[in-house]
Structures are given as structure tokens and as C-alpha cells.
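I have placed the structure first, in the form of C-alpha cells, so that the comments after it can refer back to it.
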Amino acid sequence: MTRSSLIDSALSRSALRRAFTRARANGGAAGGDGITAAAMTRGLETALDALVREVRRGRYQPGPLRAVPIPKRDGSTRVLRIPCLRDRVLQGAVASVLVPVLDPLMHPGSFAYRPGRSVPLALRSLRRGQGWALDADIRSFFDEIGHHPLRRVLKQKVSCLETRQLIGIWLGSFGRRGLAQGSPISPLLANTALGPLDSALSKHGRLVRYADDFVVVCADKAGAREARRTAEQTLRFAGLRLHPDKTRIVPPGMSFTFLGTELVLHSRDRRPQKQLKNKMKLSLRRETISPGEHIERVLREGWKNMLNLTGRS
DNA sequence: GCAGTGATGAC
RNA sequence: AUUGUCAUCACUGC
């Protein structure tokens with residue numbers, strides 16, 4: 001029913017300028033074309049003019065991605081692929097107009113990258129969780145997610161053809177599969193692509209998903225196994241698999257780590273309360289390794305989660 | 001509420 | 001020289 005098209009909002013001066021300001025505030029390093037935020041600031045208006053003109057005439061092409069290896073906490077590395085600044089600006093503008101459309105359609109159990117949502121909120125929604133947990137991780141999610149299923153979801157949910165075409169161009173620039181970690185629109189696309197997974201999993205129990213990491217709270221062991229099978233089948237269509245080492249089925253009373261905190265679900269007949277208390281204390285102590293006054297906040301969060309969660313934090 | 005700087009956490 | 005989204009805290013300006 002909307003008469004003004006999504007693409008018009010995305011290409012508006014205000015959306016583009018806001019996206020540029022954001023990119024610059026975030027550090028604004030150059031992409032594959034070597035153009036920095038400082039360079040783009042000079043002559044910003046003409047650069048934005050050119051960008052809009054190219055998109056309108058169907059001549060827009062994103063520049064080369066710049067790959068940067070980042071060492072992860074666990075010792076492995078992940079490769080960032082950084083679009084050119086002008087492409088990040090356009091992607092940011094499109095993302096900003098797409099969020100009000102796509103976010104309300106997302107599953108309530110999806111917590112990553114969404115406005116008003118956070119890790120503590122995700123953990124809190126596991127409060128009073130009872131039973132067996134399927135704790136799972138999608139292997140190489142950002143690198144291997146197939147484009148076709150994502151396009152299909154977008155076609156259902158985004159009526160503006162020009163916006164979908166623009167996203168299609170970016171997907172092409174990311175390669176045959178995968179999303180560039182470093183593009184402002186990738187988090188939104190990731191959540192959108194996993195919408196079908198959320199729907200399928202939530203039939204098996206309470207779902208809490210944070211990007212490629214998720215927990216399904218199931219009534220019993222058989223239920224957790226069914227949830228895992230559903231996840232495997234659903235992900236298969238997108239060319240994805242569960243990570244064999246990071247996916248486990250966890251009995252009640254046994255701890256597992258999710259979003260950086262150790263959790264324990266109650267048994268349905270609520271016996272192992274004593275065990276729980278010990279675990280809570282242990283993990284709280286573990287969490288106090290933080291510098292300066294930040295310790296205080298970590299402690300406060302820790303206590304809050306302890307009080308609110310069935311498991312600990 | 002909107003900007004700027006610095007930081008922490010999740011992915 | 002390390003990108004991105006979200007959340008949170010501190011400080012500065014309107």
C-alpha cells in the first residue's frame with residue numbers, strides 16, 4: 001500500500017548522509033579502492049550525487065572488497081571483507097530503510113544485530129527454561145550461506161524491486177555464496193536468511209538464536225534430537241551444516257556456554273537446585289577478569305543474570 | 001532527543 | 001594497520 005518506494009528513501013540525501021557519518025564515526029577505513037573517509041569528506045555531495053545517479057540509471061557497480069585477516073580470541077582467524085566506503089554508505093542507507101520493514105517480521109527468539117535487543121535480553125529469555133537444550137552452532141555461516149534461499153525470502157518480504165536488485169548486485173559482489181563480514185547490510189541479510197530456520201525450530205521448543213549460534217529448549221532428549229534434525233534439514237537448503245564440535249545436546253543440570261556465559265537448565269522435576277547454586281558461584285568468579293571500573297558493571301550484570309536466569313550467568 | 005570522543009561485550 | 005551490526009557505560013558539545 002505504500003506509494004513511495006523503498007529505494008527513494010534509501011537514496012535520499014538524509015539517509016545517505018547519515019550512513020556516511022556512521023561509516024566515518026566507525027573508523028572509516030578504506031575498502032578495495034583505497035578511498036578513505038577523509039578523502040570522501042571532501043566533495044561528499046558530488047560523490048553522493050554520482051552514487052544516486054549510477055543507481056538510478058542501473059549503472060551502479062560496487063568496487064572491490066578488501067580482505068583483512070583478523071585473529072580471533074580462540075586463536076583461529078576470520079577474514080573480513082570490507083567494501084569500498086561509497087558502497088558501505090549505500091549499503092548502510094539501504095539497511096536503514098529496510099530494518100523497519102524486515103525487523104518486525106523477524107522471530108522473537110532472534111536476538112543478534114536487532115534494535116532494542118542485546119545479549120543480556122537473549123539470556124534472560126532462557127529464564128525458567130526447563131528440560132534438554134540443543135546448543136548448536138552453524139559452521140562457517142557467513143562464508144557459506146547460499147544466496148538463492150535468501151533471495152527467495154527477500155522476494156516475499158520486500159516489495160520494492162529496485163531495492164531487491166541492489167541487494168542482488170551486492171550478493172554477486174560477495175561471490176558465489178556467503179555474506180561479506182564488514183558490509184553494513186550483512187547482519188540484516190543474515191537474520192533474514194535464517195527466518196525459515198527460526199520458524200522451523202520454534203516448533204520444537206523455546207528458541208534463542210544469536211547469529212549463527214542458537215539454543216532450543218526441549219522437553220526431553222528425543223525432542224532435542226528432533227530439533228537437531230530439523231535444523232540440519234532446514235540448513236541444508238541454504239548449503240549450511242551444523243558445526244559437529246560446537247553442537248551438543250545438553251541434559252538438565254549440566255552446564256553449557258552460550259553467548260559467553262555458562263548456563264544450566266532446570267530439570268522438569270526441579271531436583272538439582274543444589275548443584276545449581278555451586279555452579280552460579282563458580283561462574284561469577286570466573287567473570288571478574290576485567291580491567292578498571294568495568295569490573296563493577298560486569299559484577300552487576302552477573303548478579304542480575306543470576307537472579308533472573310534459571311541457569312547462571 | 002541529536003552530534004563528537006573513549007571504552008566494554010556478543011557474533 | 002581492524003570491518004560491520006547491536007547493546008551498554010563514561011566524557012564533551014547543541
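Every number in this text was worked out from the coordinates using simple rules, so none of it is lab data. The model shown is predicted, which means the values in this text are computed figures rather than measured ones. Note that we place each Cβ from the backbone using ideal geometry, even for glycine, and neighbour counts take in every protein chain shown.
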Partner aspartates and glutamates for A:LYS221 [C-alpha distance under 18 Å; skip if fewer than 8 residues away on the same chain]: A:ASP135, A:GLU232, A:ASP269
Potential extension, A:GLN233-A:ARG42 segment - 0.36 nm per residue separation minus Cα distance: 63.7 nm
Residue exposure sequence - A:MET40, A:MET254 - by fewest surrounding Cβ within 10 Å: A:MET254, A:MET40
Long-range amide H partners of A:ARG66 with built H, under 5 Å: A:GLY32, A:ILE82
Spin-label pair A:VAL99/A:THR257, simplified geometry with 7 Å Cα→Cβ offset, distance in nm: 3.0 nm
Extension reserve of the A:ALA200-A:ARG248 stretch, reckoned as 0.36 nm per residue once the Cα distance is removed: 15.4 nm
Segment A:ASP220-A:ASP269, extension gain: residue separation times 0.36 nm, minus the distance between their alpha carbons: 16.4 nm
Calculated SAXS-style log₁₀ I(q)/I(0) at q = 0.15, 0.25 Å⁻¹ - the stretch A:145-186, Debye, Cα scatterers: -0.33, -0.90
Label point at A:ARG151 placed 7 Å out along Cα→Cβ; residues across the stretch A:225-250 whose backbone nitrogen lies under 20 Å: A:235-240
From the C-alpha gyration tensor of the stretch A:113-208, square roots of 5λ in Å: 28, 14, 14
Over 19 Å [Cα-Cα, the stretch A:1-120], rounded percent: 57 percent
Value of Rg/Rh across the stretch A:53-190 [Cα atoms, Kirkwood radius]: 1.00
Distance (nanometres) between label positions extended 7 Å along Cα→Cβ at A:SER76 and A:TYR113: 1.8 nm
Debye equation applied to the C-alpha atoms of the stretch A:136-269, log10 I(q)/I(0) at 0.18 Å⁻¹: -0.99
